[in-house]
Amino acid sequence: MDHFWPFLHIAYPTTHYSTIAVMKFLLIGLGNIGEEYAYTRHNIGFDVVDAFAHKHGGLFGVGRLAHVCDMKWKGKKLTIIKPTTYMNLSGKAVKYWMEKESVALEQLLVIVDDIALPLSRIRLRSSGSSAGHNGLRSIEETLLTDKYPRLRFGVGNNFPKGAQADFVLSRWTPEESPLVKRKVEKCVEVVENFITIGIERTMNEANKLEFTL
């Protein structure tokens, strides 16, 4: 009876399905570990990535050279780190996790405090100098490039000459705290946009923002 069903003997080509690579991002909040540094101006990078992870149900655990949160969001794989190397050696953690997770340079985003910006502003850039920031300097020296995205959180420079270290290691005043909370929430949205619509469009929106007390 086989001749009545000739299509049963047709050899159809085997379909090969390729695995679609998931885009990976490495989000880095800069700061110093230890309770004495918690919620200080210099630790705002930690605060932003904490807020991002909390909003999307992520949890940090202890990893090599950093506290680490791994999560999937919007079809992307996110590795979020808070280096435990202290600020001056942040580059060691960034390089390790970048290589471990095979993340492209343009898919890094470093969140950092910036005394060159007023408290009213944030600034997203695809590259740039460290501007004297020890954490950014360490990353630049370790990666051998300054061409990686960074989100600068303005903390102002309301300190007398010679008191910069004390200023950045101090906590926010009660008057500043509501504005800082709003900025952190907005920075989480900026990070989301960086991941979903890319840095150029996100820069156009984020760099126009101004926050008031």
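The values are calculated or read from the model by the stated rules, or taken from the named source; none is laboratory data. Keep in mind the model is a prediction, meaning the values are calculated, not measured. All Cβ positions, even for glycine, are placed from backbone atoms using ideal geometry, and neighbour counts span all protein chains on display. The protein model used for the area step is the full one, side chains on, heavy atoms only, and it has no ligands, DNA or RNA in it. Shrake-Rupley method; radii C 1.70, N 1.55, O 1.52, S 1.80 Å.
What to note about this one:
- Label point at Arg64 placed 7 Å out along Cα→Cβ; residues across region 95-122 whose backbone nitrogen lies under 11 Å: 96-101
- Global geometry of region 89-213, whether rounded, prolate or oblate, following the gyration tensor of its Cα atoms and the 1.5 cut on a/c: oblate
- The mean sequence distance of close C-alpha pairs (under 8 Å, at least 6 residues apart), as a share of the length of the chain, puts its relative contact order at 23 percent.
- Its DSSP H runs of at least 4 residues, each contributing -39,500 (n - 2.57), put the calculated 222 nm mean residue ellipticity of the chain at -10000 deg cm²/dmol, to the nearest 500.
- Expressed to the nearest 5 percent, the antiparallel share of DSSP beta bridges inside the chain is 55 percent.
- A run of the chain free of exposed loop cleavage sites, with GluC sites (Glu not before Pro) counted only in DSSP states other than H, G, I, E and B and at most 16 other beta carbons within 10 Å, reaches its longest extent at 1-174.
- Here the relative contact order of region 53-131, from alpha carbon pairs under 8 Å that lie six or more residues apart, stands at 16 percent.
- Selection from Val48, Val68, Leu124 lying farthest towards where the dipole of the chain points positive, charges on Cβ: Leu124
- Annotation for region 143-185 versus region 90-104: alpha-carbon center distance of 24 Å.
- When the solvent-accessible area of region 31-78 is split by element, carbon and sulfur atoms take up 54 percent of it, the probe being 1.4 Å.
- Extension gain from Val22 to Thr212, taking 0.36 nm per residue of separation minus the Cα-Cα distance: 64.5 nm
- Distance violations [Cα-Cα > 23 Å] among Lys82/Lys161; Lys55/Lys147; Lys100/Lys147; Lys95/Lys147; Lys76/Lys100; Lys100/Lys183: Lys82/Lys161; Lys55/Lys147; Lys100/Lys183
- Global form of region 129-186, assessed from the alpha-carbon gyration tensor, a/c cut-off 1.5: oblate
- Under DSSP loop assignment and at most 10 Cβ neighbours within 10 Å, longest trypsin sites (Lys or Arg not before Pro)-free interval of the chain: 75-160
- At a probe radius of 1.4 angstrom, the accessible area of the chain per residue rounds to 55 square angstrom.
- In region 17-115, the chymotrypsin sites (Phe, Trp or Tyr not before Pro) that fall in loop regions by DSSP, at most 10 other Cβ within 10 Å: Tyr17
- FRET efficiency estimate (nearest 0.05) - Cβ-Cβ, Glu205 to Lys55, R0 22 angstrom: 0.75
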